[in-house]
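Bear in mind these aren't lab numbers, they're just calculated from the coordinates by the rules spelled out. This structure is a prediction, so every number in the text was calculated from the model and none was measured. Using ideal geometry, Cβ is built from the backbone for each residue, glycine included, and neighbour counts are taken over all protein chains shown.
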């Protein structure tokens, strides 16, 4: 039995898990963290950085550090969402050759699946290091509200990373799997998933026989923690502008620092009721004076700034409940998922709305990854403890365009898959010998407002009066979530069909090309691993020295010996920094000894004086 | 299931000369070499085992023979020998479920009783999911079984969704009950005519009746109608709310056509016993059965007619009091057939009949609404058409019919006729005008469509649909 890992490919953080001996576990990365930032950067020297290492250098390399690529995946260039991202992202988003959007880092242009592939590859390696074997199969989670194009693009990302994505599952569903796995319960639950970038709500029935049935699901792919951060940033920027007359948004580096500070403040306010945002030297004034940003943010202010965002989540909950045909009191538990659900106000509103306290038994950051690994194991593992079936739903309505530019529904949203539906259609003109089937996904009555998944033409119809020739259109979604559409001339039995795939803005050739590219990359990346350790060690020591610096300086500043030692230490750190920046690992390795000495010396000074 | 036998009439066998019961005679008349035992049982609301018994007797009398139909209706042999990685038992289960699932209603599909509670339904559904969801066999070679499993899974899921939640279930149960009631009433009405005729015939052919009197009485008394078993069988043959329902409806219509066709083609067989109406459904069926049993007895001892007419009048009174208007109307018709001189019977019959029509109208209307809201457009178009027929002054019904025909992809000419009728009754309806315009566009009659759109524009020039349709015609 081949091992399958589960990856929660998040907007801001990703997590990988695997089922070992019937127990799902989250795998920590080399830094010991269970989540890895979904960040990718290219350094001046052309090196690709992924995860924590990319996040650490984001402030100094904002233009070439990509985060939240998930918000762009599977989206067309001319959508408002992409336009909005161009406004707010410090990195460069450019138009791709298929009306898709791409990202420029240094002088190379990357497709979005390519960027996501880098993150997936990182997670793959984390798992391989832990398991000590090669991993090829994966279950990846996506927001429930992702459309088919976004799912396809995510699959493409897996392919580029050299992974066979055996199943895409919805994040809240995944969370429910982790919640219900091995518990032997019969329960109807709601999963409230407010993550970094997206909001999802799903309602499921869990049966002790190991069946998980999604009843309904809904969400908003542009509502998440980042929007909360954005509110705080705006508040800070406006305050600063009021005080100094300078718009901080014009400065990319200031914006990146604001972003970090806003996120940090927001997180802190989940534990305390007020926090100070302190950003010294945020920008220089017109008279070349250094300006600092210092402002007190209270929990109450944060709640006020974000009240409408929380309101929106509650509205969506209400809608979903209606979809499922359930009353609030029929829900037996509420599962909170995603970092944003740590915010007390969110918890309060959720409890208020559902009239029950949410379940506290799951870890909001890890539960989605765990669920993905469970689904992976359930598919390939025949053992009785993994005997379970997930009955997921299609999150969007599928249909075709009919006369008048209307959208004719064939498979309504929240239909359990696998499923199929047929409807007869007729020709509209005299002697019409062909019909064009436009396959669409969405909830709008107008075809043009929905997402186009594909199109094909059925030809060779009999010449006849309008409305006489009947064409039966059948939509099918199989258990793997693949949509296929057939159109059949009822009289002649002539058929035409398409399988809806490869609409992620990449051609098959391009994916092939990128796979070669990425596998080359995987090789180089592997060689790097030994050196990565050196890098990390150096970084850790430098951080420690810098932390102790002010204290040591205060203690030894009086003596000549002290000044000497401090200068020497400064020299060692600066040297190591330069080596780090240039990626000179050999040099860094040599420098490790002097770094270690300095660290020991500093520790000694501080220890003695204490 | 594996070796299904189908009964066929032996040609040139003289059934009239045989000593058989009414039930056997009727079963014999149903046998056409196509229907199987279950079909016949469905039609007669008998347990299949009873039908089987009767047919066995007819076989022993050499008027009926068993034949094994060609492979078309049975699963092809290849399905059993396909090289797949699931065991034989499961393969058989899949094949059986696949071939049977379109014949069952939601309860039958889930394998639960019609009064099962939510927990039972849930448990049944989840157990079926684990058997039929292809994920349970991920990575295994399933061949053609995968698609069959997906079909079965979809049907089971549809069933669960229709009856798994109290609100939806209520609507479905109401619909199911009404479907049964309405077809019961209609069949009684339709057959009432034939039955009254048969009675009249019987009166004039007393000698025939007398010759057959004895055996009929005996059988009638001993027939085990087992009403508790029969209704569930009848119920399980209808599955509205699913595409299978349409198929089943078509099949039913086919069966009825066949039966009608047979009696028309062979008038010589219209002996009294043959013309006995068939109680096919559950609702009102006790009354109908009682009525039938009585009339069998009565036929047997037929001498005059007047006192029998009184009994029918009494039956009608009881039936009406019980709210079974169809039975009441039929009883009155019988009475009239037996005693055509009493004009008050005619009046009474007219009164009951018009009540019945009103009741049916309401049911059809409600059904049409349910069907339309559940996308059962073909069914909705029929229901609306019936309403339109019964309530000629109601503009909503023909419009509903036109809309449903459009939605079902049906005959545009019919849709147009209904829309025009609706418009005649309510000329100022924007909705109807636009509907008519869309029908014309659908039929490629652009000039007529334009005219309707302009009429609609007069009613509401700013309407979005008016604009859309105009744009569409322009381009």
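Sorted from greatest to least, the principal axis extents spanned by the alpha carbons of segment A:240-367 come out as 64, 26, 24 Å.
Taking every C-alpha pair closer than 8 Å and separated by at least 6 residues, the mean separation divided by the residue count of segment A:164-297 gives a relative contact order of 14 percent. Given R0 = 45 Å, the distance between the Cβ atoms of residue A:543 and residue A:446 translates into a calculated FRET efficiency of 0.20. Between the beta carbons of residue A:23 and residue A:480, assuming R0 = 22 Å, the FRET efficiency works out to 0.25 to the nearest 0.05.
Length gained on full extension, residue A:577 to residue A:250, computed as 0.36 nm times the residue gap minus the Cα-Cα distance: 114.8 nm. The modelled label-to-label distance between residue A:243 and residue A:47, using points 7 Å beyond Cα along the C-beta direction, is 3.7 nm. Dividing the summed helix terms, -39500 (n - 2.57) for each DSSP H run of n ≥ 4, by the number of residues in chain A produces a 222 nm estimate of -13500 deg cm²/dmol to the nearest 500. For segment B:375-474, the relative contact order comes to 19 percent (Cα pairs under 8 Å, sequence separation of at least 6). When both bridge partners sit in chain A, DSSP labels roughly 80% of those beta bridges antiparallel. As a rough guide to protection, the peptides B:46-55, B:337-346, A:372-381 ranked by mean Cβ packing within 10 Å, highest first, stand as A:372-381, B:46-55, B:337-346. When the P(r) is computed for segment B:6-70, the part past 13 Å accounts for 57% of the Cα-Cα pairs.
Expressed as a fraction of 2.2 N^0.38 Å, the C-alpha radius of gyration for chain A is 1.08.
Suppose R0 equals 41 Å; then what is the FRET efficiency for residue A:301 and residue A:498 from their Cβ-Cβ distance, rounded to the nearest 0.05?
Efficiency, from the Cβ-Cβ distance: 0.20.
Would you mind computing, in nm to one decimal, how far apart the modelled labels at residue A:590 and residue B:344 are, each placed 7 Å from Cα along Cα→Cβ? Between residue A:590 and residue B:344, the simple spin-label model gives 12.7 nm. Scoring A:587-596, B:153-162 by mean Cβ neighbours within 10 Å over their residues and listing the highest first yields B:153-162, A:587-596.
Placing a pseudo-label 7 Å from each Cα along the Cα-to-Cβ vector at residue B:354 and residue A:491 gives an inter-label distance of 4.8 nm. Across peptide A:411-423, the mean count of Cβ atoms from other chains lying within 10 Å of each residue's own Cβ comes to 4. Placing a label point 7 Å from the Cα of residue B:431 along the Cα-to-Cβ line, the residues of segment B:385-408 whose backbone N sits under 13 Å from it are B:395-404. Dividing the Cα radius of gyration by the Kirkwood radius, what Rg/Rh value follows for segment A:310-371? My calculation of the ratio gives 0.96.
Please compute the contact order of segment A:285-421 in relative form: average sequence separation of alpha-carbon pairs under 8 Å and at least six residues apart, divided by the residue count, as a percent.
14 percent
Estimated translational diffusion coefficient (Stokes-Einstein, Kirkwood radius over Cα pairs, 25 °C, 0.890 mPa s) of segment A:396-500: 177 µm² per second. The C-alpha atoms of chain A define a longest principal axis, and helix A:225-244 lies at about 50 degrees to it.
To the nearest whole number, what is the average tally of beta carbon atoms from other chains within 10 Å of the beta carbons of peptide B:130-137? Mind showing how you got there, number by number?
Working: counts 8, 1, 2, 8, 5, 12, 9, 3.
Mean shielding by partner chains, rounded to a whole number: 6.
Per residue of B:408-415, other chain Cβ atoms within 10 Å of the residue Cβ number 3 on average. Working out 0.36 nm times the residue gap between residue B:417 and residue B:13, then minus their Cα-Cα distance, what length gain in nm do you get to one decimal? Taking 0.36 nm per residue and subtracting the Cα distance, the gain is 140.6 nm.
Could you calculate the contour length gain from residue A:456 to residue A:271, that is, 0.36 nm times the residue separation minus the distance between their Cα atoms, to one decimal place in nm?
61.0 nm
Taken over segment A:225-306, the ratio of Cα radius of gyration to 2.2 N^0.38 Å equals 1.05. Relative to one another, the C-alpha centroids of segment A:336-381 and segment B:83-160 are positioned 31 Å apart. Relative to the longest principal axis of the Cα atoms of chain A, helix A:508-556 runs at roughly 30 degrees.
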